[in-house]
Every structure is written in C-alpha cells, then in structure tokens.
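K.L.:
Okay, here's the structure, questions in a sec.
The values are calculated or read from the model by the stated rules, or taken from the named source; none is laboratory data. Nothing here was measured: the structure is a model prediction, and the numbers come from that model. Heads up, the Cβs are rebuilt from the backbone with ideal geometry, glycines too, and the neighbour counts pull from every protein chain shown.
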Protein chains: 2
Amino acid sequence: MPDPVKQTPAAPDPWAEWPHPTCRRIVAAALESFAARGFHGTGIKHIAQGSGLSTAALYVHFAGKEDVLFALSRRGHVLARELVLAAVADPDPRAALATLVRDFTAWHAEHRTLARVVQYELGALTDAHRAEVLVLRRETEEAVRGLVRRGAAAGVFTVPDVRAATAAVLSLGIDVARWYEPGGRWTPQELGGHYAALAARLLGAG
Amino acid sequence: MPDPVKQTPAAPDPWAEWPHPTCRRIVAAALESFAARGFHGTGIKHIAQGSGLSTAALYVHFAGKEDVLFALSRRGHVLARELVLAAVADPDPRAALATLVRDFTAWHAEHRTLARVVQYELGALTDAHRAEVLVLRRETEEAVRGLVRRGAAAGVFTVPDVRAATAAVLSLGIDVARWYEPGGRWTPQELGGHYAALAARLLGAG
C-alpha cells in the first residue's frame, strides 16, 4: 500500500500568498486572460472585467498588468522551489529523487496553466523582475544539481555529466505543463510515479 | 572519429518550403514579432514593417497573421516529423534511438525560436489549422512510440510503460527549446549526444 501521506498532492493552494480575496480574484482573472490571449494581448480592462472590478480598484493592488504577471511568476517559482527543497532534504539520495520527481511532475500537471504562463511570458517581465525570477529558478536548479552530485558522490547515482542529467530531470517535470491534459491516461500523481522511476534510471539508479 | 555525415546538423533550412523570397521575408518577420510580443500582441502592421512590405503586399501571400502562424507551425511540425521518421527507419532500435534523440534535441536547440512560438501559440490557431498540426504531432509521437515498442519487443529496451517512456523521450528534446541559449556549455550537437545517452538509460538500454 502506498503511504497515504506521500499520496497527498504536493501542491498547496497557489494563491495562499494573497489572503486578500480581491487580490486572489485579480491574479486568477489575469492568469485566465494571459493563458487565453497572451500577456501582450491582455489589456488591464480584461483583468478588471474578469475579476469583476473597476480598473481603479485593480490599481489599488497592482501597479499594472506586468506587476500581476510578476506576482504570478514569482509565486509559481517560489512554490516549485519549496517543493524541490523539501524533497532534497531527505538524506537518502534515491528517496529524495523519487519524491522530487514525483512532486515536481505532479505539480506541473496540476498547475499547468500557471506553469505555461510563467514559462511562455518570461520575456514580458521587466529586467528587474525577470532577474528576481531567475534567482529563484537558479536556486531550484542548484538544489536538483546538488542532489545529483550528492548521489553520484555516494555511489548511488552514476552520472557521466551532472549538468546534462540535471537539465534532463528538470525537463521531464517542466514539460508536463505543456502537454498534460486532465481526464487522460494518468492522474498527476500517477504520472509523477512513472516519471520518478524513469528519472532513477536516467541517473543510473533504476 | 565520429562519422562526418552523422555530424552534419540535422535541421535543414526551415524556410526551404517557401522558395519565394517575399514569403520567406514574411515568415521570418512574423516569427520575430510572435517571439517578441506574442501572437495576440502582433498586428499585421508589425509583420509588414518587419518584412519591409506594405500590408497589401502581405495579403498577396497570406490571408492574415493566423495564416502565417499556421505556416510556421506546420513547417516546424513537418520538419520535426521528417527528422523522427528518418531516425526510426534504422532497423537497429538502439541506433535509431541515438539518432532520433540526438537530432531531435539538436533541432530544438537550433530552432528554439520557431519551436517556442509553435508551442506557445498552438491555442491561437483556428480549430481546423490546429487539428491539422495535431495530426502531424500525433504522427511524430506514434513514430517514437513505435520505436520504443519495437525495441522492447526485441529485448533491447526494458520499458515498464511504453506511453510514459515515449512522453519522457519527447519531453527531453522539446523542452530544450525553452531553456537552451547559444554560447553556453554545449553546442546543439553536443547536447544531443548527452541526451541520446540519457534516453538510452531511460529505456533500459544504457
């Protein structure tokens, strides 16, 4: 029997950062519009309409649509980083990898719309905002790379090139946001399980 | 020594389908604008300006910006499919996989801008155009799945779940378009070589 705690979906409410319900309505409406018509095709009026607010009310909370995109992007990257850091805290590299890939994959399936917008619109952020997001991304990558290196040093993983293997492990999870559709062959958790097994093989620990 | 024929970059000129130089200028300008400001943020005037044409001249060749996006999307998917079909024609599953992953990965690194636009703007196509593109995509996926199945039947690959393994092999290559930047650690061909080795492990043939 699988451990019921381990079966709990890894992803918390992505909007928990914004306890104010108006903020949550704004980011949800913005996400929907960015996903449907892109950042550049979204006007502040689309976000206002989608959230049932006036544009004036919207400006109380956000400086503009780029500011909402940044909030979404930062939130998505923070959640992914938290999940990865929690997984790599396991001292057993094999168990850490299994948790990491399962949760990271399931998260990208569950939050595919957020993940897509965050990836596809990275270039629409201001330089300062993009730099902040890239720091979060680098921390996530370094946590995964650290695990690969640690497992290789312990003789649990066999890795000819740590950077290429790290990129591949991350790609497996991230690309799920592009192609996953609910109601298909696998639940997010089931897909996470398959991918965890594949990632173990990829690192020579299958 | 590596075989010099095998070292030739896999990707032909992506615009070879359009021998008319005006068409090539239009699709190149549209690609640049879609990549910079998204499909929804691109006006027909951006494409006209970028290609140095009047909008009237543009309409001689394309019905509108969606028609140009469709041309780009179809071309990208046809090229990817051709490359995959050429690879899987090798009767040796292990060699076919190595060629497939190397070329598919290198192609996505080389043509990352085209690949990104094609992926990110799939939802902007008309239903009829998207259906046509999805047929091409399905043919590509089925060619990869057929190879995985053939290798498993021959005892060369060990694959607990053919569909999950196929999705993972495709993701490795496709996601390269998202993160690859030239001038970094690897040339497209070098990255393709690393990923070919990782894909072999993933299928239990490492």
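K.L.:
Test of understanding: among B:Ala177, B:Ala167, B:Ala199, which residue is assigned to a helix (DSSP H, G or I), within 17 Å of the chain's Cα centre (by Cα) and over 22 Å from B:Ala36 (Cβ atoms)? Step through it out loud before you land on a result.
P.N.:
Details: B:Ala177 fails: over 22 Å from B:Ala36 (Cβ atoms); B:Ala199 fails: within 17 Å of the chain's Cα centre (by Cα).
The unique qualifying residue is B:Ala167.
K.L.:
Could you list all residues from the range B:188-205 that are in contact with a Leu (Cβ under 8 Å, 6 or more places away or on another chain) and facing another protein chain (nearest Cβ under 7 Å)? Working first, answer last.
P.N.:
Residues of the range B:188-205 that are in contact with a Leu (Cβ under 8 Å, 6 or more places away or on another chain), as a first pass: B:195-196, B:198-203, B:205.
B:Tyr195, B:Leu198, B:Arg201, B:Leu202, listed by residue number.
K.L.:
Now for a separate question. Looking at A:Ser73, A:Ser33, which one is away from every other protein chain (no Cβ under 14 Å), buried (at least 22 other Cβ atoms within 10 Å of the Cβ), in a helix (DSSP H, G or I) and not β-branched (Val, Ile, Thr)? If you could, list the steps in order and put the result at the bottom.
P.N.:
On the way: A:Ser33 fails: away from every other protein chain (no Cβ under 14 Å).
Among A:Ser73, A:Ser33, only A:Ser73 is away from every other protein chain (no Cβ under 14 Å), buried (at least 22 other Cβ atoms within 10 Å of the Cβ), in a helix (DSSP H, G or I) and not β-branched (Val, Ile, Thr).
K.L.:
Could you say whether any residue in the range A:57-66 is surrounded by 19 or more Cβ atoms within 10 Å (Cβ to Cβ) and in contact with a His (Cβ under 7 Å, 6 or more places away or on another chain)? Reasoning before the result, please.
P.N.:
Filtering the range A:57-66 for residues surrounded by 19 or more Cβ atoms within 10 Å (Cβ to Cβ) gives A:58, A:62, A:65.
From what is left, the residues that are in contact with a His (Cβ under 7 Å, 6 or more places away or on another chain) are none.
No.
K.L.:
Mind checking whether some residue in the range B:87-102 is in a helix (DSSP H, G or I), in contact (Cβ under 8 Å) with a residue 40 or more places away in the chain, in contact with a His (Cβ under 7 Å, 6 or more places away or on another chain) and β-branched (Val, Ile, Thr)?
P.N.:
no
K.L.:
Out of the residues in the range B:141-165 that are closer than 17 Å to A:Val176 by Cα and among the acidic types (Asp, Glu), state the one that is modelled with the highest pLDDT.
P.N.:
B:Glu141
K.L.:
May I ask you to verify whether A:Ala124 is surrounded by 16 or more Cβ atoms within 10 Å (Cβ to Cβ), hydrophobic (A, V, I, L, M, F, W, C) and modelled with pLDDT under 95? So that I can check it myself, show each step before the final result.
P.N.:
Details: surrounded by 16 or more Cβ atoms within 10 Å (Cβ to Cβ): yes; hydrophobic (A, V, I, L, M, F, W, C): yes; modelled with pLDDT under 95: yes.
Here the answer is yes, as A:Ala124 does meet what is asked.
K.L.:
Restricting attention to the range B:95-121, report how many residues are buried (at least 23 other Cβ atoms within 10 Å of the Cβ) and among the β-branched types (Val, Ile, Thr).
P.N.:
4
K.L.:
Any residue at all in the range A:122-143 that's under 21 Å from B:Gly206 (Cβ atoms), part of a helix (DSSP H, G or I) and of a type outside the set (Asp, Glu)? Give the steps one after another, and end with the answer.
P.N.:
Pass one, the range A:122-143, residues under 21 Å from B:Gly206 (Cβ atoms): none.
Scanning the range A:122-143, I find no residue that is under 21 Å from B:Gly206 (Cβ atoms), part of a helix (DSSP H, G or I) and of a type outside the set (Asp, Glu), so the answer is no.
K.L.:
I would also like to ask the following. Taking the stated definitions as given, is A:Asp161 over 22 Å from B:Arg116 (Cβ atoms), without any contact (Cβ under 8 Å) to a residue 12 or more places away in the chain and either among the acidic types (Asp, Glu) or in contact with a helix residue (DSSP H, G or I) (Cβ under 8 Å, 6 or more places away or on another chain) (or both)? Full working, then the answer.
P.N.:
Values: over 22 Å from B:Arg116 (Cβ atoms): yes; without any contact (Cβ under 8 Å) to a residue 12 or more places away in the chain: yes; either among the acidic types (Asp, Glu) or in contact with a helix residue (DSSP H, G or I) (Cβ under 8 Å, 6 or more places away or on another chain) (or both): yes.
So A:Asp161 passes the test.
K.L.:
Still on this model: Filter the range A:36-70 for residues that are within 14 Å of another protein chain (Cβ to nearest Cβ), outside any helix (DSSP H, G or I) and free of Cβ contacts under 8 Å to residues at least 24 places away in the same chain and give the result.
P.N.:
A:Gly41, A:Thr42, A:Gly43
K.L.:
Now a separate question. Mind telling me which of the residues B:Val176, B:Val148, B:Val144 ends up being more than 11 Å from chain A (Cβ to nearest Cβ), under 19 Å from B:Glu82 (Cβ atoms) and touching a Ser or Thr at 6+ places or on another chain (Cβ under 8 Å)? Quick ask: steps written out before the conclusion?
P.N.:
Working: B:Val176 fails: more than 11 Å from chain A (Cβ to nearest Cβ); B:Val148 fails: under 19 Å from B:Glu82 (Cβ atoms).
On inspection, the qualifying residue turns out to be B:Val144.
K.L.:
Same structure, new question: Taking B:Arg185 and the conditions (1) surrounded by fewer than 16 Cβ atoms within 10 Å (Cβ to Cβ); (2) more than 10 Å from chain A (Cβ to nearest Cβ); (3) in contact with a helix residue (DSSP H, G or I) (Cβ under 9 Å, 6 or more places away or on another chain); (4) within 25 Å of A:Leu122 (Cα to Cα), which numbered condition does it fall short on, given that it satisfies the others?
P.N.:
Every listed condition holds for B:Arg185 apart from (2).
K.L.:
Taking the range A:154-173 on its own, how many of its residues are more than 10 Å from every other protein chain (Cβ to nearest Cβ), surrounded by 20 or more Cβ atoms within 10 Å (Cβ to Cβ) and of a type outside the set (Val, Ile, Thr)? Step through it out loud before you land on a result.
P.N.:
Quick first cut of the range A:154-173, residues more than 10 Å from every other protein chain (Cβ to nearest Cβ) only: A:154-157, A:162, A:166.
Applying the additional criterion that residues be surrounded by 20 or more Cβ atoms within 10 Å (Cβ to Cβ) yields A:157, A:166.
Keeping just the survivors that are of a type outside the set (Val, Ile, Thr) gives A:157.
Residues in the range A:154-173 being more than 10 Å from every other protein chain (Cβ to nearest Cβ), surrounded by 20 or more Cβ atoms within 10 Å (Cβ to Cβ) and of a type outside the set (Val, Ile, Thr): 1 in total.
K.L.:
Let me ask you something else. Starting from the range A:181-206, keep only residues that are within 22 Å of B:Ala199 (Cα to Cα), then list their pairs with residues that are basic (Lys, Arg) and not in a helix (DSSP H, G or I) whose Cβ atoms are within a distance under 9 Å, requiring at least 6 positions of separation or different chains.
P.N.:
That search, which allows pairs on different chains as well, returns A:Leu191/A:Arg185.
K.L.:
Is there any pair linking a residue in the range A:116-130 that is free of Cβ contacts under 8 Å to residues at least 24 places away in the same chain to one that is part of a helix (DSSP H, G or I), with Cβ under 7 Å and at least six apart or on different chains, and which?
P.N.:
Taking only residues 6 or more apart or on different chains, the pairs are A:Arg130/A:Leu122.
K.L.:
Mind listing just one residue for me: the one in the range A:78-120 that is small (Gly, Ala, Ser) and in contact with a helix residue (DSSP H, G or I) (Cβ under 7 Å, 6 or more places away or on another chain) and, of those, nearest to A:Gly38 (Cα to Cα)? Spell out how you get there, then give the answer.
P.N.:
If we filter the range A:78-120 for residues that are small (Gly, Ala, Ser), which is where we start, we get A:80, A:86-87, A:89, A:95-96, A:98, A:106, A:109, A:115.
Restricting the remaining residues to those that are in contact with a helix residue (DSSP H, G or I) (Cβ under 7 Å, 6 or more places away or on another chain) gives A:80, A:87, A:96, A:98, A:106, A:109, A:115.
Numbers: A:Ala80: 22, A:Ala87: 33, A:Ala96: 36, A:Ala98: 34, A:Ala106: 24, A:Ala109: 20, A:Ala115: 13 Å.
Ranking the candidates gives A:Ala115 first.
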